[in-house]
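The values are calculated or read from the model by the stated rules, or taken from the named source; none is laboratory data. All figures in this text were calculated on a predicted structure; none of them were measured in a lab. FYI the Cβ positions are ideal-geometry reconstructions off the backbone, even for glycines, and counts take in every protein chain you see. Surface areas here come from the heavy atoms of the whole protein model, side chains and all, with no ligands, DNA or RNA. Shrake-Rupley method; radii C 1.70, N 1.55, O 1.52, S 1.80 Å.
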Amino acid sequence: MSDIILETRRLTREFKGFVAVNQVDLQVQRGHIHALIGPNGAGKTTCFNLLTKFLAPSAGQILFNGQDITMKPPAQIARLGIIRSFQISAVFPHMTVLENVRIGLQRRLGTSFHFWKSERTLRQLDQRAMQLLDEVDLGGFAATLTVDLPYGRKRALEIATTLAMEPELMLLDEPTQGMGHEDVQRVTDLIKKVSRGRTILMVEHNMSVVSGICDRISVLQRGAVLAEGDYQTVSRNPQVLEAYMGSASPMEGAH
C-alpha cells in the first residue's frame, strides 16, 4: 500500500500506570495534510513524541513507507525523511534569516558546519536558501536578524529550515499557536502552499485552520482515536461534539 506513508498499529504509551496513548491506529496518506486534534490531555503531543522517537512506545508498531521504524533512534528517523517542526523555536535568534536556512541545508549534508568550504560552495547554499525563503514569502527578510522578525514570520522561517532538511513527511506541532488572526491566516496559507508534493501531519487546536486545509482528521480523546474522516464527517460526529463541550457549536473555530 504505497499510498500510506506512515502507519501506526496499536501504538501505546504508559506512564506509571497512566495510559497516555492507547492502541492508536493511524494511517497517513501520501500527499495529504492530516490533522491530529482533540481536547487538552488527549495524547496528541505524546503521539508526536512517539512518532519522532523522543519517546519509546510501551507497545505497538510504527511503519514509515512500509518499514518498521519502531525501535530506530531520533537521528535515524530524521535521516529517513520524518522532520518535525515547531517542537521548540528552531531558529538561531542572532543569525540572519538566510544564515538560519543555510544551517538547515548544511545539516542535511551530514556535517554540522562547513567553515572550511570554498566561498563558491557557500554561495550555492545561499542560492538554495533564497529559493526556500521565497517559497515561504521571506525573500525580502534574508538579511534581517531573526530576533527582529515578527512572531508569525519566525514560524515561516521554521518552515523554511524544516524544508531545507528535505522532509518526506513534515510534522507540524501546533503551527498557529499564540498567533493573532492575520498571522494565523498567513501561516495557514503557507502550510497549504508548501504541502504541494509533500505530506504533512499536524497537531492543531484551531478548527478554522483544520477545516480550511486538512484532507483527513483523526480525533483523539483520552489517548484513543475517537473518530476519523474529513472535516464534514468529524464535525458532525456526536461523540466529537461532546468531547469539545463548552459551547453550542464546539467545532466552530474552537481553539
Would you confirm whether or not the range 94-115 contains a residue that is open to solvent by 60 Å² or more (accessible area, probe 1.4 Å), at pLDDT 90 or above and over 23 Å from Arg186 (Cβ atoms)? yes
Would you please list the contacts, defined by Cβ atoms under 6 Å and residues six or more apart or on different chains, that run from a residue in the range 1-21 that is among the charged types (D, E, K, R) to a residue that is part of a loop (DSSP other than H, G, I, E, B) and open to solvent by 50 Å² or more (accessible area, probe 1.4 Å)? Asp3/Arg30; Arg13/Ser58; Glu14/Ser58
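Which residue out of Ala224, Ala243, Ala248 is out of contact with any helix residue (DSSP H, G or I) (no Cβ under 6 Å at 6 or more places or on another chain), modelled with pLDDT of 95 or more and open to solvent by 10 Å² or more (accessible area, probe 1.4 Å)?
Ala224
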Going through the range 132-153 in order, the residues found to be surrounded by 19 or more Cβ atoms within 10 Å (Cβ to Cβ), under 17 Å from Lys193 (Cα atoms) and out of contact with any helix residue (DSSP H, G or I) (no Cβ under 6 Å at 6 or more places or on another chain) are Arg153
Of all residues in the range 32-69, how many are over 18 Å from the mean Cα position of the chain (by Cα), within 14 Å of Thr8 (Cα to Cα) and not aliphatic (A, V, I, L, M)? 7
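Conditions tested, residue by residue: (1) at pLDDT 95 or above; (2) surrounded by 14 or more Cβ atoms within 10 Å (Cβ to Cβ); (3) of a type in the set (Gly, Ala, Ser).
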| site | (1), (2), (3) |
| --- | --- |
| Pro39 | no, yes, no |
| Gly43 | no, yes, yes |
| Lys53 | no, yes, no |
| Phe64 | yes, yes, no |
| Leu80 | no, yes, no |
| Arg84 | no, yes, no |
